[in-house]
Amino acid sequence: MTQASNQPRITELLDHQLLSYIERMRLNPNRRLTNRSRGEHLRGRSGQSNEFADYRDYTAGDDVRFIDWNIFARLRRPYLKIFQQEEEMHVTVLIDASTSMTFEDKLTRAKQLAAAFGVMGLMNLERVSVYAFNQRNNGIGVLRPCIGRQSMRKLFAFIEKIEGGGEAPLDEAIDLMLTRHRGRGIAVVLSDFLTHGDLRRSFNVLHSAGLEPFAIQILGPTELDPELTGDLRMIDSETGQMLDVSAAGDLIGLYHEYRENFTRNLEQLTRHRSGRFVCINAGDDLRHILFDVLRRRGWVR
Amino acid sequence: MSWPGFYSLGGAWLFLLMGPLVLLYFLKLRRPRQEVPSLVLWRQVLNDNRVNSPLQKFKRNLLLLLQLLLLCAIVLAAMQPYMRGNVADVQRLPILIDTSASMGALDRAGGVSRLEAARQQVHRMIDGLGSKQEIALITYSRTARKLTDFTSNKRILREALDSLVVEDVPSDIEDALRMTAALAQTEPFERVLLLSDGNFPSRSDFPLPFRLEYQKLEPAGPNIGITAFNARRAGDNQWDVFASIEGSQNFTDTPATVTATLELLQDGQPVGEPQRIIISQGQMQRLAWTVHGESATSLELRLTTDGFDSLASDNYAYLDLAPARPVWVYVPQSLFRHRLAFRGIPGVRIFPEGDSTTTSQTTFDIIVSDDPADLSRTARTRLFVGIIPPELQAFITTREEPSLVVDWQRSDDLLRYLNLDDHVLMTKPVWAEGVGEADLEERGFEVLVYGQSGPLLLRQRVGDDLTFYQLFHTHDSTQHYSIYFVMMLQNLVEIAMHQAGLSETAAQPTGVLPPLRVSPQMNYQVKPPRGSTRTMRSDPNALLAGIAAPYVGRYVVQESGLTGSAVAQIGASLVSARESSLHAQPAIEFREQSVQANLAEVKTDHSYWRTVLFVGLIIMVLEWWYFQRKPGGW
């Protein structure tokens with residue numbers, strides 16, 4: 001353990017030990033949304049892989065190379081061997097890098113999770129692409145689809161360079177992402193989802209694009225359990241709008257009620273679109289999130 | 001219903017601060033700014049109907065409301081609100097507090113004394129004293145004493161009030177009223193509050209120069225006490241001792257009788273068996289004992305009640321008896337007619353005895369002499385015959401002329417039953433030129449018998465000592481031929497017996513002890529039954545006078561110093577029928593007006609600024625708790 005920590009790290013986002021654990025983890029989507037290109041995910045139909053699936057009668061026009069000649073020698077009837085089809089899955093990671101994510105290490109936690117999901121995809125020979133939207137300078141940053149372990153450094157370099165500071169709504173960012181994205185798979189959305197935009201439409205278009213939404217809401221400790229004393233003038237970090245709030249006994253209670261409703265609403269939006277949703281505390285340990293929260297919920301295995 | 005007033009109405013100007021307070025609140029100049037990730041949730045929360053309900057709006061402005069309330073409380077406290085009492089308009093109020101013996105009576109077993117009840121009442125008045133009101137505390141029992149000048153300093157008033165103790169003496173309300181009237185000359189006031197249990201005479205000749213509020217305290221419980229304790233000579237070496245026991249007027253139990261035990265102690269030893277008595281309400285019982293009295297002896301009478309007795313100080317009485325001896329009379333041989341007359345009076349021993357001209361006896365009860373050298377002899381009663389007092393020799397001369405008695409004071413003890421009309425004198429005392437009776441009175445002499453041109457018999461009282469000067473000699477008159485000569489000497493013996501306590505004596509009441517004959521110009525220590533020892537100095541006449549005896553018990557007088565020997569032990573007793581009766585007068589009749597007792601407690605203005613300030617403090621704490629507490633705490 002000590003030796004591992006003294007070694008030069010591949011990325012600042014994940015230490016070696018954690019990275020080695022993550023490399024052995026696999027994504028576990030609800031649906032098998034795959035591309036036709038060859039990959040690691042078995043399809044229900046027959047294909048060209050080495051995995052034997054079944055036999056069927058020979059019909060005219062079938063490739064004679066797949067006739068099982070041993071059976072033909074015994075039974076004097078031609079039977080065709082059928083193999084399973086293996087296709088690849090596109091893992092798309094969307095990182096919300098807006099100003100609101102810069103509070104309380106939310107963006108850091110999002111980048112770490114994005115790296116973890118990316119590593120899982122790459123190590124499972126999935127096609128992995130990363131979109132960082134609402135960045136300070138470029139608006140949206142794209143890591144074009146890559147595959148294989150050799151793409152890991154490129155993945156880490158891209159994620160590490162993400163800086164928070166944009167202020168565009170999340171729904172617009174998803175629309176912009178879908179204009180560039182091709183392929184089916186899962187879409188891991190890492191955001192605090194604190195937006196005035198229409199998230200219902202955003203999840204619909206993700207679903208329509210063949211992406212299973214993996215929505216992870218990252219909230220800071222003060223967003224989960226705010227402290228309010230006296231009279232305050234709150235300023236929105238993204239819009240600069242101000243709101244005067246006076247502490248009163250049940251105002252905090254109402255906040256909690258609204259936050260829970262908001263979270264519950266997001267969860268319903270994703271579940272209705274065969275997706276998954278979880279709300280995590282940015283202050284929680286990354287190991288706890290990966291190996292406890294996500295594994296228990298069946299996101300990874 | 002009385003409306004509240006304000007001592008400092010000008011403080012209401014501070015209400016104007018409410019304007020800037022409201023202005024500053026809504027300007028929110030100091031509202032802290034806090035950047036948050038997003039206002040999405042907060043906007044939804046604040047748009048909620050529950051937040052915008054009237055109650056929640058009220059809660060949002062609760063801070064302003066609490067701040068206004070806090071400001072109101074502070075301003076009201078600064079205005080010094082008070083609730084008007086019965087003496088709301090009084091700026092100066094002298095309070096007379098009775099501390100006589102009856103004020104020590106308890107209302108019930110284990111209850112509080114009347115003085116304590118009065119003290120609590122005055123404490124409440126002091127608590128409600130306004131800043132512009134002043135109180136002077138005057139206490140009175142046998143005499144009046146000013147405890148404080150007019151002051152609004154509550155600490156001084158409370159300390160003075162707490163120092164009050166009951167004195168076992170009867171009260172003299174007129175002395176207190178005189179002192180109060182004298183106080184009014186320097187610091188005028190209109191009303192005076194009298195706090196008493198009402199145990200004083202119902203009539204007074206005192207002309208009231210102010211309005212008197214007589215605040216009668218709640219009555220005390222039942223009491224029986226010793227109201228008289230005296231002794232009379234009963235033959236040789238014996239005394240008949242009498243005691244009166246009286247019940248108060250306020251027995252409440254049925255039947256209204258109280259049983260008690262009386263125990264008489266002679267020099268600490270019981271005399272006979274204790275006597276059981278039954279006393280009814282307002283009734284008196286007399287009891288008698290016979291004690292031997294060959295030598296000086298001290299008696300103590302103890303009264304023990306079976307039930308509750310509200311006053312303890314009248315349950316003890318003390319009596320000091322002189323030795324039951326003959327009256328010692330010094331008469332020189334030159335006054336053989338006087339010696340002959342004294343021989344016929346029983347209980348008299350004459351010195352020098354027999355035909356001797358000298359005697360070793362130095363102490364006499366009576367000195368009768370015609371020798372100016374005997375003027376230096378001391379006795380409680382002296383009669384000088386044919387001698388003009390040295391200090392009056394410039395005012396009176398004698399002529400060798402016959403004269404008659406013109407008039408005499410028939411009520412005087414020495415001249416009782418005497419008829420001096422037929423006396424013929426061969427000597428004529430004459431006034432000097434321009435001298436009259438007033439000149440003698442200025443020098444302490446009183447004329448008892450008047451001659452044709454001057455006084456014939458003078459009396460001088462120095463302390464308790466009596467000296468008579470007969471300005472003509474007996475053998476120069478027909479006096480010794482009259483029966484009245486013997487009667488006058490008989491009266492003289494009775495006076496001497498009374499002076500020496502040889503015939504009858506009564507318990508010494510509390511107040512001031514009689515002068516003691518001691519060594520002149522010496523310091524003596526007086527140890528009272530309670531309190532600290534007091535040092536007093538005897539006067540040039542060898543009298544130790546003015547010994548205060550405010551408490552029942554024995555007072556020991558001894559010479560100063562660690563090894564000072566006891567000079568006298570004198571017992572002081574309450575023996576006051578009025579104090580023991582605990583009778584409460586419902587009114588006092590003065591010359592021109594009657595003052596009725598008021599049972600309801602006199603209320604002064606009750607200040608509320610502390611209460612208002614306390615409410616302000618609560619508001620401040622409430623505000624702090626409500627707005628500064630941890631969120632989600634409840």
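Quick note: the coordinates plus some simple rules give every number you see, no bench work behind them. Predicted model only: the values in this text are computed from it and were never measured. Cβ: placed from backbone, ideal geometry, glycine included. Neighbour counts: every protein chain shown.
General remarks:
- Kirkwood hydrodynamic radius over Cα pairs of the protein assembly as shown, then Stokes diffusion coefficient at 4 °C and 1.567 mPa s, in µm²/s: 32
- Within the listed set A:Ala187, A:Ala168, A:Ala53, the residue fluctuating most in the Gaussian network model of chain A (springs between alpha-carbon atoms under 10 angstrom) is A:Ala53.
- For the pair B:Thr397 and B:Ser519, a Förster radius of 45 Å applied to the C-beta separation gives a FRET efficiency near 0.75, rounded to the nearest 0.05.
- Added length on full extension, which subtracts the Cα-Cα distance from 0.36 nm per residue, B:Ala506 to B:Tyr417: 29.5 nm
- Ascending count of other beta-carbon atoms within 10 Å, so fewest first, for A:Arg271, B:Arg461: B:Arg461, A:Arg271
- Each peptide among B:355-363, B:519-527 gets the average number of other Cβ atoms lying within 10 Å of its residues, and from highest to lowest they stand as B:519-527, B:355-363.
- Here the Karplus curve 6.51 cos²θ - 1.76 cosθ + 1.60, taken at θ = phi - 60°, turns the phi angles of the stretch B:346-353 into couplings of x, x, 10, 10, 9, 10, x, 6 Hz, with x standing for Gly and Pro.
- For the stretch B:511-573, the Kirkwood estimate of hydrodynamic radius, built from reciprocal distances between every pair of different alpha carbons, is 11.5 Å.
- Semi-axis lengths, largest first, of the ellipsoid equivalent to the stretch B:166-293 are 41, 21, 11 Å, with √(5λ) applied to each eigenvalue of the Cα gyration tensor.
- Net charge, B:Leu418 excluded, C-beta distance under 14 Å - Lys, Arg +1, Asp, Glu -1: -4
- Degrees separating the helix A:170-180 axis from the principal Cα axis of chain A, which is the longest one: 30
- In chain A, the longest principal axis of the Cα atoms and the axis of helix A:199-208 are about 10 degrees apart.
- Considering only the Cα atoms of chain B, their convex hull presents on average a projected area of 46.2 nm².
- Projecting the Cα positions of B:Phe200, A:Phe72, A:Ile140 onto the charge dipole of the protein assembly as shown (unit charges on Cβ atoms of Lys, Arg, Asp and Glu, taken about the Cα centre) puts A:Phe72 furthest along the positive direction.
- Sorted by Cβ neighbour density within 10 Å, fewest at the top, the residues B:Trp624, B:Trp3: B:Trp3, B:Trp624
- Structural size metrics of the stretch B:103-160, computed from C-alpha coordinates, are Rg and Dmax of 13.0, 40 Å.
- Between the C-alpha center of the stretch B:403-466 and that of the stretch A:112-171 there is a gap of 142 Å.
- One quarter of the convex hull surface built on the alpha carbon atoms of the stretch B:327-499 amounts to 9.5 nm², the projected area averaged over directions.
- Test item: Cα-centred dipole of the stretch B:511-573, Lys/Arg +1 and Asp/Glu -1 on Cβ, debye: 160
- 5 angstrom amide H check on B:Leu93, placed H, neighbours 5+ away: B:Glu134, B:Ile135, B:Ala136
- The residue list B:Ser573, B:Ile547, B:Tyr524 was ranked by how far each Cα lies along the charge dipole of the stretch B:511-573 toward its positive end, using unit charges on Cβ atoms, and B:Ser573 comes out on top.
- Against the empirical curve 2.2 N^0.38 Å, the C-alpha radius of gyration of the stretch A:90-296 lands at a ratio of 1.03.
- The stretch B:483-634 - convex hull of alpha carbons, volume per residue in Å³: 363
- Zone of B:Tyr7's modelled label, taken as backbone nitrogen in the stretch B:116-142 under 19 Å from a point 7 Å along Cα→Cβ: B:122-137
- Share, in percent, of DSSP beta bridges within chain B that are antiparallel, nearest 5: 70
- Mean-position separation - Cα centroids, the stretch B:321-351 and the stretch A:172-222, in angstrom: 141
- Annotation: the antiparallel percentage among DSSP beta bridges lying fully within the protein assembly as shown is about 65.
- Each of B:His480, B:Tyr318, B:Ser131 was placed along the dipole of chain B (beta-carbon charges, centred on the mean Cα), and the one lying farthest toward the positive end is B:Ser131.
- For the pair the stretch B:469-535 and the stretch B:138-188, the centres of their Cα atoms are 36 angstrom apart.
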